[in-house]
1. Quick one: helix 393-408 against the long Cα principal axis of the chain, what's the angle to the nearest 10°, folded into 0 to 90?
2. Determine ³J(HN,Hα), in whole Hz, for all residues of the range 67-75 in sequence, where each value follows from phi through the Karplus function 6.51 cos²θ - 1.76 cosθ + 1.60 and θ = phi - 60°; x replaces Gly and Pro.
3. List every residue whose amide H lies under 5 Å from the amide H of Ile97, counting only residues 5 or more places away in sequence or on a different chain, with H placed 1.01 Å from N in the peptide plane.
4. Find the Cα radius of gyration of the range 30-98, compare it with 2.2 N^0.38 Å by division, and give the number to two decimals.
5. Of the DSSP beta bridges with both residues in the chain, give the percent that are antiparallel, rounding to the nearest 5.
6. Taking the Cα atoms only, what angle lies between the long axis of helix 129-142 and the longest principal axis of the chain, rounded to 10 degrees?
7. To the nearest Å, what is the center-to-center distance of the range 404-423 and the range 351-397, using C-alpha atoms only?
8. Can you give the angle from 0 to 90° between the axis of helix 310-327 and the longest principal axis of the chain, with both taken from C-alpha atoms, to the nearest 10?
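Just so it is clear, none of the values below were taken in a lab; they were calculated from the coordinates. Keep in mind that this is a model prediction, so the values were computed, not measured. Neighbour counts are summed over all protein chains in view; Cβ atoms, including those assigned to glycine, are modelled from backbone coordinates with ideal geometry.
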Amino acid sequence: MLAPVPTTAAFAAQLDAEDPLAYLRAAFVDDQPDLIYLDGNSLGRLPQAAVGLAEDLVRRQWGGRLIRGWNEGWFAAPERVGAKIAQLIGADPDEVIVADSTSINLFKLAVGALRARPGHVLSDDLNFPSDVYVLQGVLDLLGADRRLELARSPDGMHGPVAALSERLTTGQFALLSLSHTTFKSGYTYDMAALSAAARDGGALTLWDLSHSVGAVPIDLHAAGADMAIGCCYKYLNGGPGAPAFLYVRRALQSQIANPIQGWMGQQNLFAFDLNYQAAPGMRQYLAGTPPVVALSLIEPGLDLLLEAGMDRLRTKSALQSSYLISLSDQILAPLGFTLKSPRNLAERGSHVALGHAQALGIDLALINELGVLPDFRTPDNLRLGIAPLYNSFTDLHQAVLRMARAVSEGHYRRYQDATPTVT
Ligand SMILES: *Cc1c(COP(=O)(O)O)cnc(C)c1O
């Protein structure tokens, strides 16, 4: 979409009429039709099917089946759900398992990687803070002779690809740990190119897929990625606090040990032997008992993503983010908004960040008065998450018009001194 798009509501409606995935919107709970939800990159919507499943899990399975439930699907749930995620990320079913949170999975795999290889850790300053904190903690634990180096983005938006590649050539790094799609600007790395650079420099790769899984096609095998982790409550629509997943390339599974040795990762757990021996394969990365209810509720969203297919989802998401950027260029730029996501589609995930000097006030006016839910990321980013499973082109058109009103009608002024807890 190179030429400016028409800014009319009729054009948005036409794009919706031509959208082969439009029917999937009805698969999600939406009882506030006037509310425009653009935060699916933070908390995905509730699939209709999850409502009935939650009732079944609690009333029939927990209430009726009681302890028998463990042999009727609960025990195998981490692998069953992992196998579905594997289809979205170009992995084999036995290379993905669901457990714990993304931060904890990062801890487990980073410690495992650093015990397997000498050397430092490389990341960038666009990475999600929790990931950086975890890596700092891992290095505190493993000794002062190792350090974390953060390559600096040239502009706070694009990944420092040249700086990362250059440092990898020194051969000093054991681990390259990056967000595939970065949380603020949505910049998306060329995973294959950087994984190759890491391999050539002797480093293992650990990709955080939290902002790309379910939004961007991922092929971990083709990219030669070693390890990955990711979040299930964003584009996967798994629900608030849903457990996360992890991937370890099959050939590496015998080399990366889980430092949290718990009974769920023990080879023969019901022998209750007092010596830990890791289970083979991905089960070794479990620690304690899986949160069965939350874990099971990830499945309905995965089924919808698999039905849509990542290629069709990316096609729609690309059209939508390009459409949104074109509307923003025409309608929002004159009101002081700037684009803080890459213009180059190949470098962009599925959310668009817009900068504005009054971004927090605009965000709060949209939430409190104008029926749009985006989010705010410090210091001046409004993030518009596009979830192609359920967002329409009309959503985007309407959101842009309401953002324009937030500024032109001065709504944002009411919130200039606000300090919300969650933004
Ligand atoms: C959302 C997100 C997380 C979430 O971590 P939790 O431990 O599951 O809370 C981690 N990393 C990135 C890059 C994220 O976007």
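1. 60 degrees
2. So the Karplus estimates, Gly and Pro as x, are 4, 4, x, 4, 8, 10, x, 5, 5 Hz.
3. So Ile97 has HN proximity to Leu246.
4. Numbers: Rg = 15.9 Å, N = 69, 2.2 N^0.38 = 11.0 Å.
Scaled against compact globular proteins, the figure is 1.45.
5. Details: 22 of 40 bridges.
Restricted to the chain, the bridges split so that about 55 percent are antiparallel.
6. With rounding to tens, the tilt is 20 degrees.
7. So the separation of the two Cα centres works out to 12 Å.
8. Approximately 40 degrees, to the nearest 10.
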